[in-house]
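This report refers to the structure that appears directly beneath it.
Where a number appears in this text, it was derived from the coordinates with a stated rule and is not lab data. All of these numbers come straight from a predicted model, not from anything done at the bench. For neighbour counting, all protein chains shown are included, and Cβ atoms are generated from backbone atoms with ideal geometry for every residue, glycine included.
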Amino acid sequence: MKAALVTGAATRGGAAIARELHRRGLTLLLHHSPRSVVQAQALAGEMNAARSESAATWCADFSDPAVRVPEWVVDAAVEVCVCNASVWEASTLADCDRAATDWNVHVASHAAVLAALKASLRSIVTITDVHADRPARGHLWYTTTKAALQAMTMALAADWSPRVRCNVVQPGTLTWPEGWSDRARQESVRRGIPLAREGSFEELAAAVGWLALDAHYVTGQILAVDGGRSRVLCD
């Protein structure tokens, strides 16, 4: 049975992606941060109840530049890796601490994971953002490091072919982030989405599942799951 590692798998889109891959028969390694222990253990319990010994958790703080991949994760012979772990915080050019944290979470830690798993990997999907191409005001280091993760994935698509397929999914507005309870603000965003609604984490997971498992002749591609917003986004 194939094994998959999903980083940032405890909640939101990461949990939906993990559930989709598990539903399709894979054994799941669920990476999570120290803040998400309870959620990750609950998700693993849900999966193991459905299929015995089909999920395990790995706790690691990706903001730590010294993060290491444990031997048991390497020994799991992971074939599919979804690089989803992320932080979304406001920042400006002068925010050096924020720059370091965003770089470690989005780029350096994922690079360490992929390097450690290279021998067994067959498919990589990284989760970036529509703002990797169209910067979000007030989130300079988030935008910069998501763009770097995207560029790294495209470079790996060339360097690791033909053995490993490497693709990117760019989510748009899926569910409203914390602090977005203002209905007028939500409606303003919806008006800028050609499909006139926010997406769901399940729709994100379906796209990841297709790229990871079904798209055998697809590599080096960027798929926006955003209702068409990136086609009209100017801010």
Gain on full stretching of the segment that runs from D61 to L93 - 0.36 nm per residue minus C-alpha separation
9.1 nm
In order through the stretch 52-59: 3J(HN,Hα) via Karplus (6.51 cos²θ - 1.76 cosθ + 1.60), integer Hz, x for Gly, Pro:
4, 6, 10, 8, 9, 10, 9, 9
Choose one answer from A196, A116, A55: the residue with the largest mean-square fluctuation in a GNM of the chain with alpha-carbon springs under 10 Å.
A196
Rounded, prolate or oblate, given the Cα gyration tensor of the stretch 127-176, with a/c below 1.5 counting as rounded?
oblate
If each residue's Cβ is checked for other Cβ atoms within 10 Å, how do L149, L30 rank with the fewest at the top?
L149, L30
Cut-off 10 angstrom, C-alpha nodes, Gaussian network model of the chain. Which of L223, L156, L195 fluctuates the most?
L195
Amide H of D61 versus every other amide H placed in the peptide plane: which residues, excluding those fewer than 5 positions away on the same chain, fall under 5 Å?
none
Just want the ordering: T128, T144, from fewest to most Cβ atoms lying within 10 Å of their own Cβ.
T144, T128
Any idea what the alpha-carbon Rg over 2.2 N^0.38 Å comes to for the stretch 3-232?
0.98
Quick check: from the Cα gyration tensor, does the stretch 1-123 come out rounded (a/c under 1.5), prolate or oblate?
prolate
Tell me the net charge near V78. Cut-off is 12 Å between Cβ atoms, V78 excluded, with +1 for each Lys or Arg and -1 for each Asp or Glu.
+1
